[in-house]
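Written out below as structure tokens is the structure these notes cover.
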Amino acid sequence: MTVVPRLSRGVATCLLLAAVSSDAAGVPLQGGATEPTLLPVALPDLGRAHASVQVQLREAYEALNAAEPDGRGEAWGELGKLLMAGEFLGEAEHCFRNAQALAPDDFRWPYYLGHVFRSTGRLTEAVEHFERALRLRPDDLAALTWLGQVHVDAGRPEAAESHLARARVLYRGTPAVLFQLGRAAAARRDYATAVARFEDALRLEPAATAIHYPLAMAYRGLGDLQNARAYLDDGGGRAGDGVGVTLADPLMAEVNAALRSPQVHWDLGLVAGARDDWPEAVRQFREAARLAPDLPVVRLNLGLALNRTGDARASLDQLGEAVRLDPRLAAAHFAMGTLYERSGRDQEAIERYTLAATHDPSHAEAHLRLADTFRRTDRLEASLAPYRRALELEPGWREARFGEAMALVRLARYAEALQRLRAAMDLHSGEPAFPLAIARLLAAAPDPRVRDGSEALVLAQAVEETHKTTAVAETMAMALAELGRFAEAVEWQRVAMAGAAAGGQAGTSQRMAANLALYRLGRPCRTPWRDDDPEHRPGPVVEPGLLDPPSAF
């Protein structure tokens, strides 16, 4: 998913909201009570905020001014939530302090203040306010968990564990609690416990890739470098990366959804997409597009999300709108190319992949898909340049290496193809496609300078030990025929034909009969791959009608 930049905001004061100044005396209220002293709150300059955000903040300001005395605490809190959602944390702090002064028994206001102080790095004050919230609601899961996290962040893991242990007893099987317990254990260098807690959390929430990095570090602390490397290689990245751990937090959910702005709906769409909730991602991106119809990246992500829900036609429409707004948006051109490719419209796919690669020369997959589409449509010479570019960007890309070699085979440049395949086999020693392809060239290339039946048989036999497939059986027959062992070649070719027929490929089985006839006549094969073999037809399964407009009936 592409991330849109946040709106920049000024800091100049434009509105001053306060019943009294911070140093004024209390104001007598009806019944003899005294209104507590309230802090002045200056709204920031909203000139660069989205229009919908400006409207909401001004409406909240008017609601505050119009509030009855018994509703002013709520009005201050609502304004604070909007300011917090907009990341105006200093102003939000003052609003929540005023709300707390007017409603000291309301759990929400110290809880929100805890988050404000946590976000601004004032950890001691964050602890103070989360603890105050817990005195009002001792068993609140979110407050217990956040208090534990803040203690760990402040270097007090033992203090964290008492709160997190309580949360674990009250709310068994909560990944966020287990994750923070893992962090606390790791901070104490108890790596065995840290691994156990992190693994428990990951088992409950496999999508939470943010667990991978601290889990890898805990394994490293145990000296288990193999598991540490596995979690880093699996997308662990570095601290703070990845999809976060879910925590049921209704109050912060209110803040996250408070503003009617493109950014908020954008963020919510990204969160939904990260958790594979694509219908919700579509809903959020649609709202972002409604509020900001001229932002091309919003249209891009809406198009991508629609594709994930299976609505390819609507996806194409949104991607088309994205490139209309920004003709250089490579990601949108690329996504359109994939849709055209899936629908069998190869020429349009080529045009889109070309645009993607042109506008973003570092887009390796655009080069690969362009090369594959050229090769599938028999434009073999044209495929070589994008294959080379893809390999410059991603030297270890197996698909690009194999694709380039197959293009060279179709161009009858057998020695070059063999050279590329040998290099790829050295680089990807565990990938059977490369030794199998080499064996075919060595057994059946029309160029006698390339053929080596003995090596072909050795390679084919090695692959056949672990991969008993139709293609391997056919390659065994080719190698044996090259060595003059035609009776054995006939038997292996029969095995290959039977495998193809059993796999529902009757047409392939019938085409294999041509080589069977050669072997029976005592003649070797001189066609490593038929032109209609799958190796020469890369790409997705074509879905006819994929991009047809919806029916009117």
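The values are calculated or read from the model by the stated rules, or taken from the named source; none is laboratory data. What you are looking at is a predicted structure, and each value in this text was computed from that prediction instead of being measured. Please note: Cβ atoms are built from the backbone with ideal geometry, for glycine as well, and neighbour counts cover all protein chains shown.
Collect the residues in the range 302-328 that are of a type in the set (Val, Ile, Thr) and within 16 Å of the chain's Cα centre (by Cα), keeping them in residue-number order. Matches in the range 302-328: 309 only.
Condition check ((1) in contact with a Phe, Trp or Tyr (Cβ under 6 Å, 6 or more places away or on another chain); (2) without any contact (Cβ under 8 Å) to a residue 12 or more places away in the chain; (3) surrounded by fewer than 20 Cβ atoms within 10 Å (Cβ to Cβ)) across all residues:
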site: 211; (1), (2), (3): yes, no, no
site: 216; (1), (2), (3): yes, no, no
site: 222; (1), (2), (3): yes, no, yes
site: 229; (1), (2), (3): no, no, yes
site: 244; (1), (2), (3): no, no, yes
site: 273; (1), (2), (3): no, no, no
site: 288; (1), (2), (3): yes, no, no
site: 296; (1), (2), (3): no, no, no
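Being assigned to a loop (DSSP other than H, G, I, E, B) and farther than 30 Å from residue 549 by Cβ is true of residue 247.
To keep it simple, each residue is scored yes or no on (1) more than 31 Å from the chain's Cα centre (by Cα); (2) outside any helix (DSSP H, G or I); (3) at pLDDT 95 or above.
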site	(1), (2), (3)
384	no, no, yes
392	no, no, yes
403	no, no, yes
409	yes, no, yes
412	yes, yes, yes
418	yes, no, yes
421	yes, no, yes
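Collect the residues in the range 380-392 that are buried (at least 16 other Cβ atoms within 10 Å of the Cβ) and either of a type outside the set (D, E, K, R) or closer than 18 Å to residue 426 by Cα (or both), keeping them in residue-number order.
Looking only at the range 380-392, we keep the residues that are buried (at least 16 other Cβ atoms within 10 Å of the Cβ), and these are 380, 382-384, 386-387, 389-391.
Passing the criteria: 380, 382, 383, 384, 386, 387, 390, 391.
Take residue 87 and tell me if it is under 23 Å from residue 118 (Cα atoms), outside the structural domain of residue 253 (by TED's automatic domain parsing), out of contact with any strand residue (DSSP E or B) (no Cβ under 7 Å at 6 or more places or on another chain) and not in a helix (DSSP H, G or I). The answer is yes for residue 87.
Condition first: part of a helix (DSSP H, G or I) and more than 19 Å from residue 463 (Cα to Cα). Now tell me which residues in the range 479-497 satisfy that.
Of the residues in the range 479-497, the ones part of a helix (DSSP H, G or I) are 479-482, 486-497.
The answer is 486, 487, 490.
Looking for whichever is under 23 Å from residue 212 (Cα atoms), surrounded by fewer than 22 Cβ atoms within 10 Å (Cβ to Cβ) and free of Cβ contacts under 8 Å to residues at least 60 places away in the same chain here; the options are 153, 139. Which one fits?
Details: 139 fails: under 23 Å from residue 212 (Cα atoms).
Matching residue, one of 153, 139: 153.
Tallying residues that are crowded, with 17+ Cβ neighbours inside 10 Å, more than 19 Å from residue 373 (Cα to Cα) and touching a residue at least 24 places away in the same chain (Cβ under 8 Å) within the range 394-416 yields 1. The one condition from (1) outside any loop (DSSP other than H, G, I, E, B); (2) without any contact (Cβ under 8 Å) to a residue 12 or more places away in the chain that residue 104 does not meet is (1).
Listed by first and then second residue, the pairs linking a residue in the range 466-478 that is assigned to a helix (DSSP H, G or I) to a residue that is β-branched (Val, Ile, Thr), with Cβ atoms under 7 Å apart and 6 or more places separating them unless they lie on different chains, are 472/463; 473/495. Scanning the range 253-266 for residues that are buried (at least 18 other Cβ atoms within 10 Å of the Cβ) and in a helix (DSSP H, G or I), we see that the one that is modelled with the highest pLDDT is 255.
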